[in-house]
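What follows is a set of notes on a single structure, which appears directly below.
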Amino acid sequence: MKAAPLLALGTLLLSAVSGGCIDTHTEAVRGSELYRRYCASCHGVDGHGDGPLAASLSPKPADLTTLAKRHGGKFDETAVMMMIDGRLLIAQHGPRDMPVWGAIFAEQHVGKPFAMYGPTLDARALADYLRTIQAN
């Protein structure tokens, strides 16, 4: 069998097997739930930076619906995940005002299977949710 048809068959099988492995609806719900639990009190239910704690914070929480707009129309998933995780402090960016969610998520996964991946998966679910609320 030639390489191209074999590669196509392998790709088709991989797609068929992996297609059922990720329930995108469940992941979207998970990201939304994480957002409500960890982010909405500051950033607001709709992500506009107007949560119940926003008035008491300085600087004010960012409007998360404009992340892509503020970056030339591109939703920078890596930057968003790094901001959520917060364990990589970039001195040039100044002091960190937001909680270090990566450490908090890590505590939530202690003792669970594959706990080391939990914070990354939580940050990913949140980033995926934030992508869905971007203003056009």
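The values are calculated or read from the model by the stated rules, or taken from the named source; none is laboratory data. All figures in this text were calculated on a predicted structure; none of them were measured in a lab. Cβ coordinates were reconstructed from backbone atoms using ideal geometry, including for glycine residues, and neighbour counts include every protein chain displayed.
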Check your understanding: Can you spot a residue in the range 67-74 that is aliphatic (A, V, I, L, M) and without any contact (Cβ under 8 Å) to a residue 60 or more places away in the chain?
Key -> no
Study note, to complete from the structure: Among the residues of the range 108-126, the number that are farther than 22 Å from residue 64 by Cβ and touching a Pro at 6+ places or on another chain (Cβ under 9 Å) is 1
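Residues checked against (1) out of contact with any Leu (no Cβ under 8 Å at 6 or more places or on another chain); (2) in a loop (DSSP other than H, G, I, E, B); (3) at pLDDT 95 or above; (4) surrounded by fewer than 12 Cβ atoms within 10 Å (Cβ to Cβ):
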{"residue": "59", "(1), (2), (3), (4)": "yes, yes, no, yes"}
{"residue": "70", "(1), (2), (3), (4)": "yes, no, no, yes"}
{"residue": "73", "(1), (2), (3), (4)": "yes, yes, yes, yes"}
{"residue": "89", "(1), (2), (3), (4)": "yes, yes, no, yes"}
{"residue": "97", "(1), (2), (3), (4)": "no, yes, no, no"}
{"residue": "105", "(1), (2), (3), (4)": "yes, no, no, no"}
Exercise for review: Please specify each residue of the range 33-66 satisfying the condition of being charged (D, E, K, R) and in contact (Cβ under 8 Å) with a residue 12 or more places away in the chain.
Suggested key: 46, 63
Check your understanding: Just checking, how many residues over the range 34-57 are within 19 Å of residue 131 (Cα to Cα), touching a helix residue (DSSP H, G or I) at 6+ places or on another chain (Cβ under 8 Å), surrounded by 15 or more Cβ atoms within 10 Å (Cβ to Cβ) and hydrophobic (A, V, I, L, M, F, W, C)?
Key -> 3
